[in-house]
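*Asks:* Handing you a structure now.
The values are calculated or read from the model by the stated rules, or taken from the named source; none is laboratory data. Just so we're clear, the structure is a prediction, and the values are computed from it rather than from any experiment. Cβ sites come from the backbone with ideal geometry, for glycine too, and all protein chains shown count toward neighbours.
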């Protein structure tokens, strides 16, 4: 990709000093993390690995019924028990959507080394604020009650969501500043100012979105975030509002890199976020804070 050609010289120096994390690969095809970062999981990333539908970890799933503060869902988690605990991510759908709208994030992110719960809301009509509560309830369920709880580091949690679920993501980040990352996907919220959010936030928008137009929602979201908060904004070229509801390589690779960088504190993934990506035809615009603190 054009991005790699521009990054070769930068990556050679940065990876040489930072990525002392390459280690012996085990029989499952994963690699032990560097002792320098106890939260790093999996082998050193490449352009191909962050775009892959299936990551280095085998996964299992657990169905969750309604009645735990959200409308039920599915937990996808790595079966590996030899690398310690994993960060957890809750993902919420948008207005009138079921869990199926965000289901693809579960296995894709879990196979890269996260415990992921994709949820249904209590009602498809739920407001962004209600969805924020459902996201946080889902994380509590994962850490406290789920069959995967022993695999989760309760201090490394993140939220994602589409449309009103994206608005809920930003509100959840405001309510729970100990979260490590937030990713609103073509988000919608009646309030577009989030100047009090301190959680590192990656805003994904769609160039041709009409339900939550970029200029009315995602761009103001991003601009309102304080300069002291790690933040980035990606505008998908030619995409509509529903782009995040189907497998999308661009969304996946940047969301994964953001989660790895902030939930796992894994600086091996910073090369995909900084310097700011340019020249990718799938991206109409990209802004962000570099270096990422």
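*Asks:* Does residue 265 satisfy being out of contact with any helix residue (DSSP H, G or I) (no Cβ under 7 Å at 6 or more places or on another chain) and at positive phi?
*Replies:* So residue 265 fits the description; yes.
*Asks:* Among 193, 210, 178, 198, which is surrounded by 15 or more Cβ atoms within 10 Å (Cβ to Cβ), free of Cβ contacts under 8 Å to residues at least 60 places away in the same chain and not in a strand (DSSP E or B)?
*Replies:* Step by step, each of 193, 210, 178, 198 is checked, and only 198 is surrounded by 15 or more Cβ atoms within 10 Å (Cβ to Cβ), free of Cβ contacts under 8 Å to residues at least 60 places away in the same chain and not in a strand (DSSP E or B).
*Asks:* Considering only residues of region 67-82 that are in contact with a strand residue (DSSP E or B) (Cβ under 9 Å, 6 or more places away or on another chain) and assigned to a loop (DSSP other than H, G, I, E, B), which is modelled with the lowest pLDDT?
*Replies:* By that ranking, first place goes to 80.
*Asks:* Among the listed residues 57, 39, identify the single one that is touching a helix residue (DSSP H, G or I) at 6+ places or on another chain (Cβ under 9 Å), surrounded by 19 or more Cβ atoms within 10 Å (Cβ to Cβ) and at pLDDT 90 or above.
*Replies:* Answer to the selection: 57.
*Asks:* Filter region 150-175 down to the residues that are closer than 17 Å to residue 109 by Cα and surrounded by fewer than 24 Cβ atoms within 10 Å (Cβ to Cβ) and list them by number.
*Replies:* Result: 151, 152, 153, 156.
*Asks:* Return the only residue of 289, 250 being in contact (Cβ under 8 Å) with a residue 12 or more places away in the chain and in contact with a strand residue (DSSP E or B) (Cβ under 6 Å, 6 or more places away or on another chain).
*Replies:* 289
*Asks:* Would you pick out the residues in region 275-286 that are out of contact with any helix residue (DSSP H, G or I) (no Cβ under 9 Å at 6 or more places or on another chain) and either modelled with pLDDT under 95 or in a loop (DSSP other than H, G, I, E, B) (or both)?
*Replies:* Listed by number, the list holds a single entry, 276.
*Asks:* Next question, about the same structure. Might you check whether a residue that is in contact (Cβ under 8 Å) with a residue 24 or more places away in the chain, buried (at least 24 other Cβ atoms within 10 Å of the Cβ) and in a loop (DSSP other than H, G, I, E, B) occurs anywhere in region 223-240?
*Replies:* So far as region 223-240 goes, yes, one or more of its residues are in contact (Cβ under 8 Å) with a residue 24 or more places away in the chain, buried (at least 24 other Cβ atoms within 10 Å of the Cβ) and in a loop (DSSP other than H, G, I, E, B).
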